[in-house]
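Participant: Right, I'll just put the structure down here and ask away after.
Values quoted throughout were computed directly from the atomic coordinates according to the rules given, and no laboratory measurement underlies them. Fair warning: this is a prediction, and the values are worked out from it, not measured in the lab. When we count neighbours, we look across all protein chains shown, and the Cβ atoms used for this are built from the backbone with ideal geometry, even at glycine.
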Amino acid sequence: MNAPTNISRRGVTAGLAGFALARALPAQAQADRPWLDAKLLAAAKKEGPLTVYSSTNEQEGLPLFKIFTDATGINVNYIRGNDASLSSRIAIETRAKQPSFDIAHMSNAHKMPQQLLAQFDPSEAKAINPLARDPNRRWYGVYTIYTTPAYNTKLISKADLPKSFEEFAKRTEWAGKVAIDFTDIEWLRGITQFYGEQRGAALIREIAANLKPVLTDGRLAMARSVAAGEYLFALNNFVNLILNVKLKGGAIDFFPLDPVPLYFAQVAVSANAPNPNAARLAANFMLSRDCQVFYTKFGRLPTRGDVETNPPGIIKEIETRKVVRTQFSQEEEKRLRQMFEALLRKR
């Protein structure tokens, strides 16, 4: 979801007006916020502060959960880290039998041991993309992560953009001016799913030989570097991060090629949540229009069909290409990392 950072902990506190509103919970508030289940809220208010483990940056995560706090009166401890650090923390806490998180918001919740995640049926899930609903009801997609190439709009003409990865691989004049994140196994998985493993691996070898892509650390940093002209292209990046930089005036845009890998930033409830009612209420909030409209301000792409992208029409443009879902297990992840190393790092 974002570049690795040290885990940090901050509290989000409720305002008096928000607290009073949550206690009264008038009918109009329920109508305005269909995610705000009165019975669940009453039970949640008897619990302690909600603890969120999230890989979404604090510039977005803290104001997002302030919306939740203002609506419910429930305080939030927001603990931010990258997916790997949060997964490690959860594993350590599980071994110590000291569960501390209520909900996890990250892109790899589906890789966690299933017994650590509660099965739940949030009412707002009916509005999201069916692909964003775990058949086992242990996680749901909050926003959609499509990945595509990106280019510097001041240095590259739209007319000169390649129409396929095969064409991209032959543009030797761009050698050394193309970047890709050093962990981007989702792109690798998408290429091999679309082309088949043998043909896909051959294409990636050609890209590595001809374009000599620079391996970078951090996808948002890579998007900013493309916008600044340090690189002409990102071979692949999260569309929401490309849009994040573009919406701030950066000289960058995405251009989808076949295939477009797809996965989701997910929300999951801990099976051992210290505050199970608050956890379920918060998970429902994250699938709501309130949450997903907020996220579009930062270029994130909703899983709900009734929330428009920012700018409008992004998903429609992306889905003119072949979209491939790239969810995989921990075992498959290890194999893909080894393959990525062999194809792109050892050259």
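Participant: Distance between the C-alpha centers of segment 186-259 and segment 291-308? Whole Å please.
Facilitator: Here the answer is 23 Å between Cα centres.
Participant: Could you give the length gained on full extension between R205 and S157, defined as 0.36 nm per residue of separation minus the Cα-Cα distance, in nm?
Facilitator: Stretched fully, the R205-S157 segment lengthens by 14.7 nm.
Participant: A further question on this structure: Take T326, T144 and order them by how many other Cβ atoms sit within 10 Å, fewest up front.
Facilitator: T326, T144
Participant: Among 308-317, 247-256, 153-162, how do they line up from the highest to the lowest mean number of other beta-carbon atoms within 10 Å? Intermediate results must be reported in sequence, preceding the final value.
Facilitator: Numbers: 308-317: 14.8, 247-256: 17.7, 153-162: 12.1.
Going from most to least packed, we get 247-256, 308-317, 153-162.
Participant: Please list, in order along segment 197-202, the HN-Hα scalar couplings obtained from phi with the Karplus expression 6.51 cos²θ - 1.76 cosθ + 1.60 (θ = phi - 60°), rounded to whole Hz, x for Gly and Pro.
Facilitator: 5, 5, 5, x, 5, 5
Participant: Another question, if that's okay. For helix 58-72, report the angle its Cα long axis makes with the longest principal axis of the Cα atoms of the chain; keep it between 0 and 90° and round to the nearest 10°.
Facilitator: The angle comes out at about 30 degrees.
Participant: Leaving out same-chain residues fewer than 8 places away, which lysines sit with a Cα under 17 Å from that of K111?
Facilitator: K334
Participant: Sticking with this one: Rank these for me by crowding, R219, R224, R95, going from fewest to most other beta carbons within 10 Å. List each step's numbers first, then the result.
Facilitator: Numbers: R219 24, R224 17, R95 8.
Fewest-to-most ranking of R219, R224, R95: R95, R224, R219.
Participant: Can you tally the net charge around A118? Count Lys and Arg as +1, Asp and Glu as -1, for every other residue whose Cβ sits under 11 Å from the Cβ of A118.
Facilitator: Every neighbour counted, the sum reads +1.
Participant: Here's something else I'd like to know. Given a cut-off of 23 Å, name the pairs among K158/K248; K163/K297; K45/K97; K212/K246; K212/K248 whose C-alpha atoms lie farther apart than that in the structure shown.
Facilitator: With Cα atoms farther than 23 Å apart: K163/K297; K45/K97; K212/K246; K212/K248.
Participant: Local charge sum around I315 (other residues, Cβ-Cβ under 12 Å, Lys/Arg +1, Asp/Glu -1)? It would help to have the intermediate numbers written out before the result.
Facilitator: Working: positive: R300, R304, K316, R321; negative: E308, E317, E319.
Summing Lys/Arg as +1 and Asp/Glu as -1 gives +1.
Participant: Could you work out the Rg to Rh ratio of segment 246-342, with Rh taken as the Kirkwood radius (inverse of the mean 1/r over all Cα pairs)? Provide the component values of the computation, followed by the final result.
Facilitator: Working: Rg = 17.1 Å, Rh = 16.4 Å.
We get a ratio of 1.04 for segment 246-342.
Participant: Using the Cβ atoms and a cut-off under 12 Å, what net charge is assigned to the surroundings of R171, where Lys and Arg are +1 and Asp and Glu are -1? Spell out each step's value before the answer.
Facilitator: Numbers: positive: K163, K170, K177, K212; negative: D160, E166, E167, E173, E206.
Overall, the nearby charge balance is -1.
Participant: Between Rg and the Kirkwood Rh of the chain, both from Cα atoms, what is the Rg to Rh ratio?
Facilitator: Reported Rg/Rh, Kirkwood definition of Rh: 0.99.
Participant: Continuing with this model, one more query. Which of P259, P63, P149 moves most in a GNM of the chain, Cα contacts under 10 Å?
Facilitator: Per the Cα network of the chain with a 10 Å cutoff, P63 tops the list.
Participant: Follow-up. Report the residue, chosen from V239, V269, V178, that carries the largest GNM mean-square fluctuation when the chain is represented by alpha-carbon nodes joined by springs under 10 Å.
Facilitator: V178
Participant: So how tilted is helix 330-340 from the main axis of the chain? Cα-based, degrees 0 to 90, rounded to 10.
Facilitator: 30 degrees
Participant: Does anyone have the angle between helix 83-95 and the longest principal axis of the chain? Alpha-carbon axes, 0 to 90°, nearest 10?
Facilitator: 50 degrees
Participant: Another question, if that's okay. Could you work out [θ]222 nm for the chain from helices alone, using -39500 (n - 2.57) per DSSP H run of at least four and dividing by all its residues? Round to the nearest 500 deg cm²/dmol.
Facilitator: Taking each H run of at least 4 residues, the total per residue is -11500 deg cm²/dmol.
Participant: Here's a follow-up. Picking from Y195, Y140, Y263, which is most flexible by a Gaussian network model of the chain using Cα springs under 10 Å?
Facilitator: Y195
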